[in-house]
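Here the structure is laid out as structure tokens; the discussion comes afterwards.
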Amino acid sequence: MRNPNGYGSVYKLSGKRRKPYIVRKTVGWDIDAETFVSKQKYITIGYYATKQEALQALAAFNDNPYDIQLSQNTFTDIYERWFKDTFNDESNRSTVKNYTAAYKHCTALYNMKMSDIRPIHMQKVIDSENSSYNSKKRIQTLFSKMYEWCMGHDCIKKDYSLQTKINAKPETAAERNPFSQKEIEQLWLSVDSNDYIKLVLILIYSGVRISELLNLKKEDVHLDEQWFDVKQSKTDSGVRVVPIADKVLPFWQEFMQRSKGEYAICTVNGQKLTYDNFKAKYWRPLMQQLNMKHTIHETRHTFISQCVTKNINMTVIKKIVGHKSIMNLTERIYTHVDVAELLEAVNKL
């Protein structure tokens with residue numbers, strides 16, 4: 001039975017081949033400028049071992065067309081395009097490093113066409129990685145993100161990364177070590193000895209992630225009304241309004257006045273402060289100076305701990321720190337908390 005016009009065709013190539021059946025489809029016509037003879041332009045969908053497989057592939061393509069040329073790109077080609085579309089100079093350094101490290105473990109896939117990669121290929125990469133559960137998870141997440149990009153660009157029609165698994169036990173979460181009340185008091189007593197102790201206190205009294213704070217632009221900080229607008233966050237729920245407590249408002253004013261660019265938090269010279277710079281040049285020396293042992297992220301745990309101690313409503317806490325994902329249905333949909341209530345909460349700390 002003849003296929004309808006424009007449907008595509010299947011035919012067998014000559015010679016002894018492992019996959020002799022070719023599937024192709026007309027995508028346009030070229031007209032010779034001198035003879036005015038028209039010639040069909042084809043795209044090749046693929047090669048198959050049997051006619052039945054070829055017909056099924058053609059039918060599947062017509063049901064769900066995808067970008068043939070893009071589907072011929074290798075794993076490396078797709079990774080580079082995805083990376084370029086996903087990250088920029090303002091992206092979280094740690095996140096970029098994690099994905100770059102995951103890609104480096106995928107050498108077996110570099111030159112494979114993305115359309116030829118199957119679960120077994122990705123599973124071998126995950127299983128061959130003799131490192132932690134988290135490292136394997138990052139590789140699996142990279143696969144997922146790349147397939148998400150491919151499906152969004154109509155070059156792959158199925159996410160094979162969903163069929164991979166991690167044959168390792170999840171690691172036990174590191175013990176959280178919030179700043180004690182005595183340590184917070186020590187920070188206040190030492191605040192005049194180092195400008196960046198003020199930044200530590202800003203973190204403790206706001207609960208923001210360090211990446212959120214350092215990517216904050218001056219236009220998103222409203223000192224008169226005492227709140228700022230987090231527009232770049234690790235998660236969608238992290239995009240939120242955060243109050244500025246009375247206690248740290250003068251510190252915000254100092255950093256904003258000092259900044260010579262568009263970013264709110266800056267170096268002593270008024271330049272944008274990066275995560276790596278803050279951690280290496282300021283955080284570590286500060287912890288040594290104060291004889292404390294804390295990670296930067298523990299300022300966030302400290303904020304939550306302090307809020308709980310002061311019996312602040314849990315919905316309000318989640319709104320401030322951006323934990324919408326762990327709210328219950330009522331909290332997510334029906335609860336509206338305005339800035340005044342958020343500010344009242346942080347001023348209890």
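The values are calculated or read from the model by the stated rules, or taken from the named source; none is laboratory data. This is a predicted model, so every value here is computed, not measured. Cβ: placed from backbone, ideal geometry, glycine included. Neighbour counts: every protein chain shown. Heads up: the accessible areas ignore ligands, DNA and RNA and are worked out on the full protein's heavy atoms, side chains in. Shrake-Rupley method; radii C 1.70, N 1.55, O 1.52, S 1.80 Å.
Dipole size of the chain about its Cα centre, with +1 on Lys/Arg Cβ and -1 on Asp/Glu Cβ: approximately 1760 debye, rounded to the nearest 20. Entry note, the stretch 187-280: relative contact order of 25 percent, from Cα contacts under 8 Å with a spacing of 6+ residues.
Of the cross-linked pairs 145/165; 124/169; 231/348; 97/136; 272/319, those separated by over 20 Å at the C-alpha level are 231/348; 272/319.
Projecting the Cα atoms of 44, 114, 280 onto the charge dipole of the chain, computed from C-beta unit charges around the Cα centre, puts 44 farthest toward the positive end.
Is the shape of the stretch 228-307 best called rounded, prolate or oblate, per the rule: a/c under 1.5 gives rounded, else a/b larger than b/c gives prolate, else oblate, with a ≥ b ≥ c the square roots of the Cα gyration tensor eigenvalues? Verdict is rounded for the stretch 228-307. Enter the angle in degrees (range 0 to 90, nearest 10) between the Cα long axis of helix 93-104 and the first principal axis of the Cα atoms of the chain, meaning the one along which they spread out most. For helix 93-104, the angle is close to 30 degrees. Note on residue 292 and residue 55: the extension gain reaches 78.5 nm, defined as 0.36 nm multiplied by sequence separation minus the Cα-Cα distance.
The share of accessible area on the chain that comes from carbon and sulfur is 48 percent, using a 1.4 angstrom probe.
Computed over the chain, the per-residue total of -39500 (n - 2.57) for DSSP H runs of n ≥ 4 gives a 222 nm mean residue ellipticity of -12000 deg cm²/dmol, rounded to 500. The lysines within cross-link reach of residue 39, meaning a Cα-to-Cα straight distance under 22 Å and a gap of 8 or more places when in the same chain, are 12, 25. Helix 249-258 and the longest principal axis of the Cα set of the chain meet at an angle near 60°. List the lysines whose alpha-carbon lies under 21 Å from that of residue 16, not counting same-chain residues fewer than 8 positions away? Leaving aside lysines fewer than 8 places away in the same chain, those within reach of residue 16 are 51.
Summed over the residues of the stretch 120-244 and divided among them, the accessible surface reaches 52 Å² per residue at a probe radius of 1.4 Å. Across the chain, Cα pairs under 8 Å and at least six residues apart give a relative contact order of 12 percent.
In the assembled protein chains, residue 256 presents an accessible area of approximately 30 Å² (probe radius 1.4 Å). When only Cα pairs below 8 angstrom with a gap of at least 6 residues are kept, the stretch 137-201 shows a relative contact order of 21 percent.
Available extension along the chain between residue 262 and residue 313 is 14.9 nm, counting 0.36 nm per residue and deducting the alpha carbon span.
Relative to the longest principal axis of the Cα atoms of the chain, helix 298-309 runs at roughly 60 degrees.
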